[in-house]
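The next block holds one structure in the form of structure tokens; read it before the comments.
The values are calculated or read from the model by the stated rules, or taken from the named source; none is laboratory data. The shown structure was predicted, so the numbers you read here are calculated from the model rather than taken from an experiment. Here the Cβ positions follow ideal geometry from the backbone for every residue, glycine too, while neighbour counts run over all protein chains shown.
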Amino acid sequence: MELHQSPYLNKRKKTIEFHIELGAAQHISLAGSFNHWAKDELEMKCQKDGSWKIEIPMLPRGRYHYKFLIDDKMWMEDIENPLREPDGVIGWNSVLTI
């Protein structure tokens, strides 16, 4: 399986793919301004190689903030995405521009 940088905009499939390498996690979900930061809506799937992946439908043009929620207790920015902004607390939000 070919891994793209996260997030990956697949214009052919009209999807956005997010992934994270975190083998020790039991559960990871994606949350952001595009889904009102819902913690349990976009659950990622663990791949055979220990990475986690989710594919969502292409979003309308705009600028979005997002994070990964690890095991329902720890928020983490997308370390593969260099675009980030302070989250207003003590961490970072990753930024996706479409």
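General observations
- The number of residues in segment 47-79 being charged (D, E, K, R) and more than 10 Å from the chain's Cα centre (by Cα) comes to 7.
- Long-range neighbours under 6 Å by Cβ, at least six apart or interchain, first residue closer than 15 Å to Ile70 by Cβ within segment 39-56, second exposed (fewer than 13 other Cβ atoms within 10 Å of the Cβ) and modelled with pLDDT under 95: Gly50/Gly23
- Top-ranked residue of segment 1-38 - restricted to ones that are of a type in the set (S, T, N, Q) and in a helix (DSSP H, G or I), ranked as nearest to Lys67 (Cα to Cα): Ser33
- Filtering segment 53-98 to residues that are closer than 18 Å to Ala38 by Cα, exposed (fewer than 13 other Cβ atoms within 10 Å of the Cβ) and of a type in the set (D, E, K, R) leaves Arg63, Asp71, Asp72, Lys73.
Okay, residues lined up against (1) under 21 Å from Thr15 (Cα atoms); (2) aromatic (Phe, Trp, Tyr):
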position	(1), (2)
Ser51	yes, no
Glu55	yes, no
Met58	yes, no
Tyr64	yes, yes
Leu69	yes, no
Met74	no, no
Glu77	yes, no
Asp87	no, no
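- Those residues of segment 19-46 which are surrounded by 14 or more Cβ atoms within 10 Å (Cβ to Cβ) and more than 14 Å from the chain's Cα centre (by Cα), in sequence order: Ala25
- All positions within segment 39-80 that are in a loop (DSSP other than H, G, I, E, B), modelled with pLDDT under 95 and farther than 14 Å from Ser29 by Cβ: Gln47, Lys48, Asp49, Gly50, Ile79, Glu80
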